[in-house]
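The values are calculated or read from the model by the stated rules, or taken from the named source; none is laboratory data. Bear in mind that the values here come from a model prediction, so they are computed numbers and not experimental data. Here Cβ is always computed from backbone atoms with ideal geometry, including for glycine, and neighbour counts include all displayed protein chains. Remember, those area values only see protein heavy atoms, side chains included, never the ligands or the DNA or RNA. Shrake-Rupley method; radii C 1.70, N 1.55, O 1.52, S 1.80 Å.
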Amino acid sequence: MPFPSQAAAATDPPFPGIDRRRGTRGAWAWRQVLRRGTLGLLLLAALALTAGWSFHHLEQNRLALDAAAGRATAQRMLVSRIAALSAETPPNLAGIAAATIRLSATLDQAPANPDDRPLRDFLAAAETLGDPAPLHALALGPLSQVLDDAVAETAATAAAAQARMARQHALLIAGMLVAFLLVLLVVMRPLARHVAALAARLDREARRDPLTGLLSRRAISADLARRMAAGEPVAVMIVDLDWFKEANEAEGHAGGDALLQAAAARIRTTVRQDDAVGRVGGDEFVAVLSGVRDHTDAETIAQRLCEALHRPVPFAGRPLRMGATLGIALSPGDAATPELLLRAADDALLRAKRAGRGGYSRATPADTARIERDASILRAMGSCTGDLPGLDAHLQPIVSLADPGRVLCFEALARWTARGLGAISPGEFLPVAQRIGQLPWLGGQVRRAALAAFARLRAEGLPAPLLAFNLSAAEIMRGDVVEAIVRDVEAAGLSLACIEIEITEEILLERVSTRTIDQLAALRGRGARLALDDFGTGNSGLAQLLRLPLDKVKLDRTFIRGLGHDHRAEEVVRATMSLAGSLGIEVVAEGVETEAQAVALRALGCNAAQGFLYARPMPLAALQTWLRARGAPSVVPLRAIQRAI
Ligand code: C2E
Ligand code: CA
Ligand code: CA
């Protein structure tokens with residue numbers, strides 16, 4: 001029995017988007033619907049016109065009949081009146097004359113009507129009126145009969161016309177109903193069928209990757225969610241192809257496509273039929289394997305996949321190199337929700353990639369804990385617009401090593417206490433902020449808080465020579481950061497001369513434009529100082545770092561930690577001191593925690609230090625107390641001197 005997705009894939013063309021046959025059929029169906037729709041509408045319009053014309057015609061008829069009936073009645077009444085007047089003794093000649101004139105008027109209005117003949121005869125006789133005798137001689141009785149007949153006939157004609165009109169009405173309504181049904185049958189039904197087919201096709205296409213026939217990202221997520229909801233043990237494997245970019249570059253898109261199709265087929269045949277396989281990105285696939293309960297089983301399958309995907313793919317008579325790196329995560333165990341499970345597998349993939357191409361790695365409990373923590377941080381951060389509540393700047397003093405009582409600078413460090421989560425370290429929340437593009441905003445908020453605290457220290461006459469803050473690559477890449485810094489510094493009533501900007505090597509790497517470097521240099525030109533942070537951790541040499549005019553380098557704490565027992569660390573510090581000295585750049589030692597480290601640094605010629613030995617980062621109130629408790633700013637703590645000797 002074929003795997004359901006394979007069976008569907010077999011009936012699906014590989015490129016539904018450009019399937020000519022289906023495209024033509026679709027267009028044909030639309031044309032049919034349009035043609036029938038137009039016909040139906042024309043039919044309805046014709047019926048409506050006929051109905052209008054017929055109603056008009058019938059109304060005219062009805063009015064004419066009403067008029068005729070009215071006239072006949074009036075004539076009948078006048079004749080009766082003449083008869084009554086002429087029956088008087090002596091006959092009322094004046095009255096007969098007046099009634100006769102009115103009768104004549106009603107007749108003149110009337111169209112020629114044979115039924116009016118007796119009336120006309122009567123009138124001709126009446127004209128010779130002089131003696132009433134002839135009137136008596138006139139046959140009023142038969143004349144009245146004729147008039148009665150005329151009135152009755154007119155009424156009958158009117159009734160017949162009404163009945164005809166009602167029949168025509170009924171016919172028209174029936175016709176319109178039939179036309180409406182025809183439109184429904186001929187237009188609406190195929191239209192509804194066509195729309196349903198279109199929706200089904202779109203849905204199928206959204207569920208399938210057109211190139212490989214595998215499930216789409218949405219469909220594989222839904223499949224995973226369904227299996228997890230049913231409580232099935234599942235393994236998720238994210239497969240990342242190793243040589244896809246190279247195949248694309250060397251052979252064009254056709255080469256890349258061939259690699260993807262071969263990879264899809266091999267993954268599909270390596271796993272079981274009821275496992276789901278999808279393509280979720282350029283060269284990234286996901287396999288959801290049911291019934292895999294432990295990492296040993298998962299790793300056996302991962303090994304099989306790696307082997308299957310390491311065979312070259314024939315393309316245009318040449319073999320294309322192929323390989324894959326995998327990340328594995330299991331449910332239950334590694335994550336509670338499908339999204340977190342996919343992320344755990346993704347993190348495992350990253351670790352596998354770092355170890356080199358072609359291997360696999362599995363999610364660890366630490367990954368899971370971090371991912372879940374990140375998710376809650378993301379939720380806490382994502383729901384806020386504007387300033388992040390609970391975000392503040394703490395200041396950590398940097399002191400003179402020769403005179404540790406003398407504060408040289410304060411470094412502003414972000415601190416966040418999130419509602420429901422407590423205090424979160426910058427190492428945790430800054431990467432999340434970076435991921436969602438919030439880092440520049442948070443950086444600005446920390447900077448403004450630090451500037452306000454620093455201005456306050458100065459206003460109170462406490463020693464506050466310099467304020468340093470960290471500038472991330474994300475902030476600097478925005479391009480408007482220099483103006484933002486100038487604005488914030490001026491708004492705090494400070495000048496750029498008391499500001500130091502700490503940047504890392506990352507900023508000096510190629511992806512930062514020369515324009516940014518120029519901007520930083522311009523900022524320095526306006527009085528701000530530039531410091532290179534975490535020095536020694538990156539891969540670039542000092543020469544490359546000197547693309548930017550620097551005032552300070554901050555030796556990373558990994559070297560300080562090694563002082564006294566790691567000869568290599570001592571050599572790095574010595575070399576840095578010598579190079580920086582020759583370039584006129586200050587050196588600050590970071591993370592100084594012991595007196596022994598301070599002594600070693602002094603011996604190596606280092607003049608400034610930052611570390612828990614002297615002070616931790618503090619909020620404004622604690623810093624004010626700390627500074628005041630020290631009294632005279634330049635008094636060296638006795639303990640420090642005793643240990644140093
Ligand atoms: P960083 O710039 O190297 O900051 C110094 C870090 O070392 C701080 O960690 C500080 O608390 C810690 N530290 C200071 N003295 C000692 C010591 O004696 N021992 C040890 N073990 N650690 C010490 P924190 O505050 O956790 O900040 C971590 C990193 O987060 C910072 O490293 C910086 O890269 C980044 N960061 C902090 N605040 C901001 C900010 O507002 N903006 C940006 N862009 N990055 C920030
Ligand atoms: Ca720093
Ligand atoms: Ca640092």
Self-check item: Amide H within-cut-off set for M618, under 5 Å, with H built and near neighbours excluded
Solution: L395, Q396
Quiz item: Quick one: ranking Y614, Y360 by accessible area, 1.4 Å probe, largest first, what do you get?
Solution: Y360, Y614
Quiz prompt | Per-residue SASA entry for R478, accessible area with 1.4 Å probe, Å² rounded to 10 | solution = 150
Practice problem: Give the long-range amide H neighbours of N607: residues separated by 5 or more places, or on another chain, with amide H under 5 Å away, using H modelled in the peptide plane at 1.01 Å from N. | Solution: V587
Quiz item: Heavy-atom accessible area per residue, the range 303-458, 1.4 Å probe: how many Å²?
Solution: 45
Quiz item: With r defined as the distance between the Cβ atoms of A369 and A603 and R0 fixed at 60 Å, what FRET efficiency is calculated, to the nearest 0.05?
Solution: 0.90
Practice problem: First measure r as the distance between the Cβ atoms of N61 and A206, then evaluate 1/(1 + (r/R0)^6) with R0 = 51 Å and state the FRET efficiency to the nearest 0.05. | Solution: 0.20
Quiz item: Relative contact order, percent, of the range 202-268 when contacts are C-alpha pairs under 8 Å separated by at least 6 residues?
Solution: 26
Practice problem: Would you mind counting up the charge near V572? Only other residues with Cβ under 10 Å from its Cβ, with Lys and Arg at +1 and Asp and Glu at -1. | Solution: -2
Quiz item: Given a 1.4 Å probe and every protein chain left where it sits, what share in percent of the accessible area of the range 382-440 is carbon and sulfur?
Solution: 52
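Please give the contour-minus-distance gain from T625 to S290: 0.36 nm per residue of separation, less the Cα-Cα distance, rounded to one decimal in nm.
My answer for the length gained is 114.5 nm.
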Exercise. Any chance you could run the full-extension gain for E249 through R515? It's 0.36 nm times the residue separation minus the Cα-Cα distance, nm to one decimal.
Key: 92.7 nm
Exercise. With a 1.4 Å probe and every protein chain left in place, tell me how much accessible area M77 has, in Å² to the nearest 10.
Key: 130
Quiz item: Toward the positive end of the charge dipole of the range 224-263, about the Cα centre and with charges on Cβ (Lys, Arg +1; Asp, Glu -1), which of G255, V234, F244 goes farthest?
Solution: V234
Self-check item: Label-point separation, R102 to L421 (7 Å along Cα→Cβ), nm
Solution: 10.3
Quiz item: Roughly what would the spin-label model give for R226 and D480, points 7 Å off Cα along C-beta, in nm?
Solution: 4.7
Quiz item: So what's the net charge close to A484: Lys and Arg +1, Asp and Glu -1, counting the other residues with Cβ under 13 Å from its Cβ?
Solution: -1
Quiz item: How much length, in nm to one decimal, is gained on full extension between D566 and R217, taken as 0.36 nm per residue of separation minus their Cα-Cα distance?
Solution: 120.7 nm
Quiz item: Using θ = phi - 60° and the Karplus form 6.51 cos²θ - 1.76 cosθ + 1.60, what ³J(HN,Hα) does each residue of the range 330-337 get, whole Hz, x for Gly and Pro?
Solution: 10, 10, x, x, 8, 6, 8, 10
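Of F180, F429, which has the most accessible area with a 1.4 Å probe, and how do the rest follow in descending order?
Most to least solvent-accessible, the answer reads F180, F429.
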Quiz item: So how do 154-166, 435-447, 222-234 stack up, highest first, on mean other-Cβ count within 10 Å?
Solution: 435-447, 222-234, 154-166
Quiz item: Tell me, what % of the accessible area of the range 202-268 is carbon and sulfur with a 1.4 angstrom probe?
Solution: 56
Practice problem: Starting from the Cα of A522, step 7 Å along the direction of its Cβ; do the same at A402; then give the gap between the two resulting points in nm. | Solution: 3.7
